[in-house]
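The values are calculated or read from the model by the stated rules, or taken from the named source; none is laboratory data. Predicted model only: the values in this text are computed from it and were never measured. Note that we place each Cβ from the backbone using ideal geometry, even for glycine, and neighbour counts take in every protein chain shown. Just so you know, the surface numbers come from the protein's heavy atoms only, side chains and all, with ligands and any DNA or RNA stripped out. Shrake-Rupley method; radii C 1.70, N 1.55, O 1.52, S 1.80 Å.
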Amino acid sequence: MLTNKRVVLIISGGIAAYKSLDLIRRLRERGASVHAIMTRGAREFVTPLAVGALTAQKVYTDLFDREAEQDVGHIRLARDYDLILIAPATADLMAKMVHGIADDLATAVLLASDKPVLIAPAMNPKMWDNPATRRNVETLHADGKHFIGPNRGEMAESGEAGVGRMAEPLEIAEAASKLLSGDADAGTRPLSGRHIVITSGPTHEPIDPVRYIANRSSGKQGHAIAAAAAEAGARVTLISGPVSIPDPQGVDVIHVETAVQMLDAVTSALPADVAVMAAAVADWRVASEGSQKIKKDGSGKPPALEMVENPDILATIGHHESLRPALLVGFAAETQNLIDNARSKLERKKADWIVANDVSPETGIMGGDANTVRIVSSDGIDAWPALNKSEVARRLVVRIAEALQADSQN
Ligand code: C5P
């Protein structure tokens, strides 16, 4: 319910603005008072008269409304309300929000507000898919803005099908209600209700009670993905090898040492909607771990260590009939033939995406804070610029959320 809640409804320019009239009724039915701001574009599609008749309130349209501005109206509008709802939100309005542009009343209110913001985007599918919009949506997610939709469907104006259709007024009113009822998930966080299993860090393969074989993985990338997925509302199980970084907040962490333990923990943690295998799992282990510390025997010859292959966790899950999640993401840290190696892993391990990165020592990626990755999938290769590992994690989480949404609508 929205009893006694004050909602600022920003209507921006798009054909979906006609649905905002119904949205006003849905919000008021739930007890909210609705104060509408219409952009210039919105007024091309619906009239302030119609909006005002439905809200039964003054409709705000201009930044310099003489009457309202006597007490700095846009600042008050931004502060005196419980929620700012943008429906429809155009690609242009979201781009302005990303850059803090405040050149009309709607954008000025958004910039001046510290209240929750719920965005219901509506645009042509090609605009929604455009890399510029993708970047903007990622940034707005990272800024803590909430989204509802867009849905898959036919566009009103062109009949084109794809993702871009504004969520229905009922869905938007429901999301607003949940958001204000303190249900943090509110179904508006991109991974609400999803379970994601992530592996991270190296494994340690014991030689004897005091020695082990390890690698240089720090766990920074896998842990950052776990943190970003939790922030996005997912239930996260992180299976971590031995690392020296802290457990991320709000995540169930299972600590393991070896590849065999990691596989065990992963199969126990499944099923999940998504698995991201970011751990640098050792390919081999010593066949039989010595029960005592191996001593020099005086012969001058080093001991012969017999190695056996470890289970491949990603491939095991990829080929598993019942445990394989709908979306399986692997990593490929390579020092040569990055793309070819990633492609062959995609196939061999039956993953949906491989996040490929060049870990040659000169890149400083292993153990460092930055990462340059390419997402290799059957759809092609997406090359991301150099980003810090948290940013890679946030982008990956947005991509995951979109893939799951597209999947559930198919
Ligand atoms: O073959 P390679 O080790 O480069 O493959 C990397 C991908 O496979 C990563 O996603 C890693 O987590 C996963 N992997 C695994 N189990 C192994 C080896 C690799 O899950 N034993």
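Brief remarks on what is shown
- Cβ pairs under 7 Å, 6+ apart, first in the stretch 255-267 and farther than 13 Å from residue 206 by Cβ, second open to solvent by less than 20 Å² (accessible area, probe 1.4 Å) and in a helix (DSSP H, G or I): 262/313; 263/313; 266/313; 266/317
- Filter pass, residue 369 being within 13 Å of the ligand (Cβ to nearest atom) and open to solvent by 40 Å² or more (accessible area, probe 1.4 Å): no
- Qualifying residue in the stretch 84-101 (condition: assigned by TED's automatic domain parsing to the domain that holds residue 10, modelled with pLDDT under 95 and touching a helix residue (DSSP H, G or I) at 6+ places or on another chain (Cβ under 9 Å)): no
- Single residue of 308, 355 found to be surrounded by 17 or more Cβ atoms within 10 Å (Cβ to Cβ) and not hydroxyl-bearing (Ser, Thr, Tyr): 355
- Filter result (open to solvent by 40 Å² or more (accessible area, probe 1.4 Å) and either of a type in the set (Asp, Glu) or closer than 25 Å to residue 18 by Cα (or both)) within the stretch 108-152: 114, 116, 126, 127, 129, 130, 143, 145, 152
- The residues on offer are 272, 259, 278, and the sole one that is closer than 20 Å to residue 228 by Cβ, touching a Pro at 6+ places or on another chain (Cβ under 7 Å) and of a type in the set (Gly, Ala, Ser) is 272.
- Within the stretch 348-363, residues that are free of Cβ contacts under 8 Å to residues at least 12 places away in the same chain have Cβ atoms under 6 Å from residues that are within 10 Å of the ligand (Cβ to nearest atom) in no pair, counting only partners at least 6 apart in sequence or on another chain.
- The residue that is nearest to residue 241 (Cα to Cα), counting only those in the stretch 271-286 that are surrounded by fewer than 17 Cβ atoms within 10 Å (Cβ to Cβ) and in contact (Cβ under 8 Å) with a residue 40 or more places away in the chain, is 284.
- For the criterion of being more than 16 Å from the ligand (Cβ to nearest atom) and in contact with a Lys or Arg (Cβ under 8 Å, 6 or more places away or on another chain), residue 398 passes.
- Residue selected from the stretch 323-350 under the condition under 14 Å from residue 266 (Cβ atoms) and either within 11 Å of the ligand (Cβ to nearest atom) or of a type in the set (S, T, N, Q) (or both), by the criterion most open to solvent (accessible area, probe 1.4 Å): 349
- Filter result for residue 247 (within 13 Å of the ligand (Cβ to nearest atom) and free of Cβ contacts under 8 Å to residues at least 40 places away in the same chain): no
- Whenever a residue of the stretch 306-319 is farther than 14 Å from residue 202 by Cα, its partners that are near the ligand (Cβ under 8 Å from one of its atoms), lying with C-beta atoms within less than 6 angstrom and at least six residues away or across chains, give the pairs 311/263; 314/277; 314/330; 314/349; 315/349; 318/349; 318/351.
- Residue that is nearest to the ligand (Cβ to nearest atom), among those in the stretch 264-294 that are among the charged types (D, E, K, R) and at pLDDT 90 or above: 283
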